[in-house]
1. Ranking request for peptides 116-125, 21-30, 100-109: highest mean number of other beta-carbon atoms within 10 Å first, then the rest in descending order.
2. Averaged per residue, what accessible area in Å² does the range 6-150 show with a 1.4 Å probe, protein chains only?
3. Would you mind computing Rg(Cα) / (2.2 N^0.38 Å) for the range 166-211, counting N as its residues?
4. Of all accessible surface on the range 179-251 at a 1.4 Å probe, what whole percent is carbon and sulfur?
5. Find the centroid of the Cα atoms in the range 246-305 and in the range 54-124, then give the distance between the two in whole Å.
6. With the convex hull built on the Cα atoms of the chain, state its orientation-averaged projected area in nm².
7. With Kirkwood's inverse mean 1/r over C-alpha pairs for Rh, give me the Rg to Rh ratio of the range 1-118, two decimals please.
8. May I ask you to derive the relative contact order of the range 191-305, considering only C-alpha pairs under 8 Å and at least 6 residues apart, and to give it as an integer percent?
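The values are calculated or read from the model by the stated rules, or taken from the named source; none is laboratory data. Since the model is a prediction, treat every value here as computed from it, not as a measurement. Neighbour counts are summed over all protein chains in view; Cβ atoms, including those assigned to glycine, are modelled from backbone coordinates with ideal geometry. Remember, those area values only see protein heavy atoms, side chains included, never the ligands or the DNA or RNA. Shrake-Rupley method; radii C 1.70, N 1.55, O 1.52, S 1.80 Å.
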Amino acid sequence: ASTLGASAAAKGRYFGAAVAANHLGEAQYASTLDTEFNAVTPENEMKWDAVEGTRNSFNYSSADQIVSHAQGKGMKVRGHTLVWYSQLPGWVGGLAAADLRTAMNNHITQVMSHYKGKIYAWDVVNEAFQDGSSGARRSSPFQDKLGNGYIEEAFRTARAADSGAKLCYNDYNTDGQNAKSNAVYNMVKDFKQRGVPIDCVGFQSHFNSNSPVPSDYQANLQRFADLGVDVQITELDIEGSGSAQATNYGNVVKACLAVSRCTGITVWGIPDKYSWRSSGTPLLFDNNYNKKPAYDAVLAALGGS
Ligand code: G3I
């Protein structure tokens, strides 16, 4: 096939992009999205501050734009994200424990019910572990007030809200085997052993010279898959340019394809100019939507041409 999405589909996978609602009106942005990708993740529009900035007052307008665009094109949607320490409105952090628990479960239930039947996979909990060697949980209102059990509770609430969506844990710096990914691994293993509903683990895969594609990337994906969950590459971007960047991108795609439970890849943006990395060129399309060498490497790795 001649596009990323169709080539991935021929391998039983999806190939998605993070999308911002306010770019959908740009003709080249929309046409590149529609031509090349068969999945989307709203980049910011489903985050807590975007949908429930005021308690129990839900605003889905921007997220709905992306979901209806995707549905019109037959694209999968990854929901991102329900419980995260960042982009969290101030009122959430001000709640005492019992009220916070109610608010967390209400947020999950309301948002998932609104999108019931329309979401392929939800990032139920995002970035709950610290970087570094401790393997400890990251401080957040949820962690600090509800304790370790909040993640399990979030997943149980999520399953009850939409039993048709895959429920994922998503994090960064967990792409290779290290203390942080070991901690996530142990949590997933425990969840599977105890029947806590979890279906997938997302590996964000934000790579640069300080954080290159790990040599044990595929092995790390595989060890999670061996626990009985799907794995997905959820926020891929790789700093650099030219053939070096292309080689790295190709290697990431090959690693996913080598793991049968790696169900898809999402790049974190379409043209370089809209990357969250304000400087740099980490994506597959340049600022004029020309295909970069990295694009060609991804397409080739997917078996397309
Ligand atoms: O919405 C406001 C707007 O009202 C205001 O005028 C404008 C001025 O700065 O800011 C807008 O908010 C920005 C928001 O993106 C929407 O554009 C925030 O400042 C900005 O911080 C925010 O950045 C996002 C970031 O998450 C926040 O943590 C990036 O776009 C987004 O790509 C990034 O994505 C995260 C994933 O969700 C989780 N993993 C890491 C990844 C990269 O940081």
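1. Numbers: 116-125: 21.8, 21-30: 14.9, 100-109: 18.4.
Ranking, from highest mean packing down: 116-125, 100-109, 21-30.
2. With the other protein chains kept in place, the range 6-150 gives 38 Å² per residue.
3. 1.24
4. Solvent-exposed carbon and sulfur of the range 179-251 make up 44 percent of the total.
5. With the range 246-305 and the range 54-124 each reduced to a Cα centre, they are spaced 27 Å.
6. Details: hull surface 57.2 nm².
Directional mean of the projected Cα hull area for the chain stands at 14.3 nm².
7. Ratio of gyration radius to Kirkwood radius: 1.05.
8. After rounding, I find 25 percent.
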